[in-house]
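Student: Just dropping this structure here.
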Amino acid sequence: GELPRIETALRDAGWEPPLPVTWSNALRWLAVNAPITELPVLPQVHAGSHQALMMRRALGRDEQWLIRLWPSGTYAGGVPVWVGTVTTQTSRGALRLVRYPQTELDYDAPLPPLDGPLPGFEARRVRHTGREGGDPGWNGDLWLLRPAP
């Protein structure tokens, strides 16, 4: 789908952009008692590019889900196809000096809540049959999303 349409649907479903890392808000990592929603999130690179979209959904003071999307370079029926991750992040502290969001290695936990409706889109989960085994953090489920007709 088109990225602005995906972002709008996620916002309507309660997702919001996290704080990006800037020189001024990086100081928030020094607030050791800050909730995770006040901590900047580091970008990630996939295939040489930073994510085109990053949205978070708070689960409490110290936990959030994070969706990141990157362009795949592929189009289906003239519509761009995106690849992404849905992860759980928890806030971590180090030496009682800094606090930062850390991505957990369980990639299955954030998928079930996404099975519900997303306005303007059809979503479903499928099993990736060709994935490599031995990854205890991912059972092979994928979340597929496409614009509703």
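Student: Could you run through the stretch 1-45 and say how many residues are at pLDDT below 90, open to solvent by 50 Å² or more (accessible area, probe 1.4 Å) and of a type in the set (Ser, Thr, Tyr)?
Tutor: 2
Student: Can you find a residue in the stretch 122-131 that is open to solvent by 60 Å² or more (accessible area, probe 1.4 Å), in contact (Cβ under 8 Å) with a residue 60 or more places away in the chain, touching a strand residue (DSSP E or B) at 6+ places or on another chain (Cβ under 7 Å) and farther than 20 Å from Glu7 by Cβ?
Tutor: No, every residue in the stretch 122-131 fails to be open to solvent by 60 Å² or more (accessible area, probe 1.4 Å), in contact (Cβ under 8 Å) with a residue 60 or more places away in the chain, touching a strand residue (DSSP E or B) at 6+ places or on another chain (Cβ under 7 Å) and farther than 20 Å from Glu7 by Cβ.
Student: Shifting gears a bit: Can Thr8 be described as over 21 Å from Glu122 (Cβ atoms), of a type in the set (Val, Ile, Thr), within 17 Å of the chain's Cα centre (by Cα) and assigned to a helix (DSSP H, G or I)?
Tutor: Answer is no for this residue.
Student: For the stretch 40-78, name all the residues that are on the phi > 0 side of the Ramachandran plot and either among the β-branched types (Val, Ile, Thr) or in contact with a helix residue (DSSP H, G or I) (Cβ under 9 Å, 6 or more places away or on another chain) (or both).
Tutor: Result: Gly60, single match.
Student: State all residues of the stretch 58-86 that are among the charged types (D, E, K, R) and either touching a Cys at 6+ places or on another chain (Cβ under 6 Å) or surrounded by 19 or more Cβ atoms within 10 Å (Cβ to Cβ) (or both); if no residue qualifies, say none.
Tutor: Arg68
Student: What number of residues within the stretch 87-116 satisfy the criterion of being over 17 Å from the mean Cα position of the chain (by Cα), open to solvent by 50 Å² or more (accessible area, probe 1.4 Å) and of a type outside the set (A, V, I, L, M)?
Tutor: So the answer is 3.
Student: Against the definition (of a type outside the set (Lys, Arg), modelled with pLDDT of 80 or more and under 24 Å from Gly48 (Cα atoms)), how does Gly77 come out, yes or no?
Tutor: no
Student: Here's another thing I want to ask about it. Could you list, in sequence order, all residues of the stretch 11-39 that are part of a loop (DSSP other than H, G, I, E, B), closer than 16 Å to Gly93 by Cβ and touching a helix residue (DSSP H, G or I) at 6+ places or on another chain (Cβ under 8 Å)?
Tutor: Correct list: Ala31, Ala34, Leu39.
The values are calculated or read from the model by the stated rules, or taken from the named source; none is laboratory data. In this text the structure is predicted, and so the values were computed from the model without any measurement. Positions of Cβ are generated from backbone atoms using ideal geometry, with glycine treated the same way; all protein chains shown enter the neighbour counts. We work out accessible area using only protein heavy atoms, side chains counted, and drop any ligands, DNA or RNA first. Shrake-Rupley method; radii C 1.70, N 1.55, O 1.52, S 1.80 Å.
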